[in-house]
C-alpha cells in the first residue's frame with residue numbers, strides 16, 4: 001500500500017489479508033473455466049470450496065489410516081479412532097467449547113437441528129408449549145419444529161423482521177411467556193446476510209429460563225464463534241460451508257443438557273450394553289453417534305477448521321466485510337438494482353434483483369460470464385414472502401474471493417441489463 | 001451451449017410483450033402451473049368449442065424463459081384442436097428433453113424450435129416446459145400442474 005493518505009478502504013483491507021496468498025490452496029478455482037472464462041465463484045453461502053490441505057488430509061486418511069473406529073484393537077482402527085477424536089478436538093477449539101464431549105459429529109447443520117428436536121424437543125416439550133424462531137430462518141430451522149408441533153401440539157412463534165431484514169428485538173422479547181420452552185434462531189441469515197444480535201437473544205431466553213439453539217450454518221466459517229461467550233445451549237453448523245467435506249458437521253451442546261436428552265438414532269457405538277430385555281445408552285458424545293459415522297468427512301472437517309483458524313477468523317471476517325461493502329457500493333451504482341437485506345450488521349451475502357428480470361434468468365446469464373451465484377428462494381421461502389419476491393440472485397463471498405471478482409460480477413450484471421434493456 | 005443463443009431476440013421479445021396475456025371471460029378450461037424450485041407460477045385459460053381452441057390466455061409470474069414459452073404456446077395452439085395441441089405438447093417435451101431435434105426430425109413445432117437449446121440447460125428445462133404441462137393439465141383430470149414428481153422432465157422426483 002502506498003503511504004498516501006488517500007488510500008481507500010479497499011487497499012487497507014487488501015494489506016490486512018491478501019486472498020491471492022491463499023487462492024493457490026484451492027485447486028478448483030484455477031481448474032474450472034465455465035464457458036472458457038475464469039471461474040468467479042460467489043456461491044460460498046451454499047457451499048464453500050476445499051483447500052488442498054483438506055483434500056490431502058482426506059487422501060492421507062484413505063491411503064494410510066482407514067479402518068472402523070472405536071472397535072478394533074489393531075493398528076489401523078486405533079489410528080483412525082485417534083484421527084477422528086483429534087477432529088473432535090479441532091471442532092472444540094474452533095467453537096471454544098468447554099469440553100470435547102460437548103461436540104457431537106453430525107452430517108451437517110440440518111442433522112444437528114433434527115437431533116435437538118428429537119433428543120430434547122420430543123422428550124421435554126408437550127401440548128401447548130411454545131417454540132420461538134425468527135422470520136429469517138432457513139427451512140432446516142423451521143421444518144423440524146413444525147414436525148414437533150404436529151406431533152406434540154407445540155406452537156411455533158415467529159419473531160418478525162423489519163424492511164432492512166433486522167430482527168425486531170422488542171417483538172422477539174414480547175413472544176416469551178410461561179409456555180415458552182425452546183428457542184431456535186439463526187446466527188446469520190443465509191438469504192439476507194443479517195447477523196442477529198445473538199448474545200442479547202441468548203440473554204433474553206435465559207432470563208426466561210428457556211434453552212436456546214443457535215443455527216450457525218452461515219456464521220461458523222465467516223466469523224469467530226465462542227460458544228462459552230455466547231452462552232448458547234446448542235450451536236450447530238455444516239462442514240461443507242467451512243471448507244470441509246459434505247456430510248460433515250457438528251453440534252455443540254452443553255453437557256448437562258446432552259446428558260438428559262434421549263438418543264436420536266439407535267445402533268452401534270451409542271450403547272454400553274445391549275440385551276433383548278434392556279439397552280443401556282453410552283455416555284455423550286457417543287450416545288448421539290450411532291453406527292459408523294462418515295469418518296473421513298469428520299477428519300476432513302477437523303483439517304478444514306484448523307486451516308481456517310490458522311488464517312484467522314478475524315482476518316477472514318475483515319476481508320469478507322470489505323468485499324461486501326465494495327460489492328454493495330458497486331452494485332448500488334447500477335440503475336434498477338434492488339438489494340434485499342440491508343441490515344446494519346451483515347455477513348458477506350448480497351441478495352439482489354436486477355430491475356424486473358427474474359433471478360433465474362440473471363443466474364443463467366451470469367454463468368455465461370463465468371460468475372456462479374445462487375438463484376432461487378435459498379431454502380428460506382418465508383423470507384422471500386416477507387420481501388414480496390419469489391426468489392433472488394445471491395452473491396456470497398468467502399475469504400478467497402477478490403475485489404476483481406466483485407468487478408466481474410458487476411460487469412456481468414451490466415450485460416444482463418443490456419440484454420433485457 | 002451458449003445460453004445467449006437461448007436468450008434470442010424472439011424470446012426476449014415475447015418476454016417483454018407477452019401475447020395473449022391476461023384473463024379470459026367465459027373460459028371453458030382453466031389450470032394452474034407451479035414450478036416450486038423457480039417460483040414460476042402461471043394460470044392458463046382456454047375456450048374450447050367443438051373440440052377446437054378458439055381462445056386462450058395466460059397470466060402469472062415467471063422467468064423470461066417460462067413467460068416466452070407460455071406466450072408462444074398460446075399463439076401456437078390458438079385455432080388448433082385439443083388433440084393437435086396435445087400432440088404439440090408432447091413434441092415440445094421431447095425437444096426440450098433432447099429426444100427430438102426439430103432440425104432433422106419431423107414435427108409440428110415450427111417457431112417453437114427456438115427453445116431447443118434449453119435441453120443443454122437442465123436447470124431451465126422446467127421453466128420452458130411448465131406452460132405445456134399446464135396445458136395438458138387443463139384437459140386432464142387434475143387442473144394443477146407442477147414440474148415435480150412424475151411430471152419432472154428429468155424423469156422422476
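Do you know which residues across segment B:49-69 are crowded, with 24+ Cβ neighbours inside 10 Å and within 13 Å of chain A (Cβ to nearest Cβ)? Explain how you work it out, then say what you get.
Filtering segment B:49-69 for residues crowded, with 24+ Cβ neighbours inside 10 Å gives B:56, B:58, B:62-69.
Listed by number, the residues that qualify are B:62, B:63, B:64, B:65, B:66, B:67, B:68, B:69.
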**Report entry** Test: residue B:126 is free of Cβ contacts under 8 Å to residues at least 60 places away in the same chain, assigned to a helix (DSSP H, G or I), under 14 Å from the mean Cα position of the chain (by Cα) and within 14 Å of chain A (Cβ to nearest Cβ)
**Finding:** no
Query raised in the report: Here are some conditions: (1) within 12 Å of another protein chain (Cβ to nearest Cβ); (2) touching a residue at least 40 places away in the same chain (Cβ under 8 Å); (3) farther than 21 Å from residue B:121 by Cβ. Residue A:388 meets all but one. Which one does it not meet?
Result: (2)
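Consider residue A:291 carefully, then state whether it is assigned by TED's automatic domain parsing to the domain that holds residue A:136, surrounded by fewer than 21 Cβ atoms within 10 Å (Cβ to Cβ) and out of contact with any strand residue (DSSP E or B) (no Cβ under 9 Å at 6 or more places or on another chain). Reasoning before the result, please.
On the way: assigned by TED's automatic domain parsing to the domain that holds residue A:136: yes; surrounded by fewer than 21 Cβ atoms within 10 Å (Cβ to Cβ): yes; out of contact with any strand residue (DSSP E or B) (no Cβ under 9 Å at 6 or more places or on another chain): yes.
Yes.
Taking the stated definitions as given, is residue A:173 assigned to a helix (DSSP H, G or I), at pLDDT 95 or above and surrounded by fewer than 24 Cβ atoms within 10 Å (Cβ to Cβ)? Quick ask: steps written out before the conclusion?
Working: assigned to a helix (DSSP H, G or I): yes; at pLDDT 95 or above: yes; surrounded by fewer than 24 Cβ atoms within 10 Å (Cβ to Cβ): yes.
Yes, satisfied.
Where in segment A:91-164 are the strands (runs of 3 or more DSSP E), entirely inside, with at least 2 residues that are touching a helix residue (DSSP H, G or I) at 6+ places or on another chain (Cβ under 7 Å) and surrounded by fewer than 23 Cβ atoms within 10 Å (Cβ to Cβ)?
On the way: elements: A:103-106, A:130-134, A:155-159.
Answer list for segment A:91-164: A:155-159.
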Requested in this report: Out of B:46, B:24, report the one residue that is assigned to a strand (DSSP E or B), over 17 Å from residue A:390 (Cβ atoms) and away from every other protein chain (no Cβ under 14 Å).
Outcome: B:46
Query raised in the report: Just to be sure, is residue B:99 away from chain A (no Cβ under 14 Å), part of a loop (DSSP other than H, G, I, E, B) and within 21 Å of residue B:10 (Cα to Cα)?
Result: no
Query raised in the report: Taking the condition surrounded by fewer than 18 Cβ atoms within 10 Å (Cβ to Cβ), in the same structural domain as residue A:19 (by TED's automatic domain parsing) and either over 28 Å from residue A:225 (Cβ atoms) or at pLDDT 95 or above (or both), does residue A:341 pass?
Result: no
Query raised in the report: Only one of these conditions is not met by residue A:34: (1) over 24 Å from the mean Cα position of the chain (by Cα); (2) within 23 Å of residue A:86 (Cα to Cα). Which number is it?
Result: (2)
Query - So residue B:11, is it out of contact with any strand residue (DSSP E or B) (no Cβ under 9 Å at 6 or more places or on another chain) and either assigned to a strand (DSSP E or B) or crowded, with 18+ Cβ neighbours inside 10 Å (or both) - result: yes
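The values are calculated or read from the model by the stated rules, or taken from the named source; none is laboratory data. It should be emphasised that the depicted structure is a prediction, and the values quoted were computed from it without experimental measurement. With ideal geometry, Cβ positions are generated from the backbone for all residues, glycine too; neighbour counts draw on all protein chains shown.
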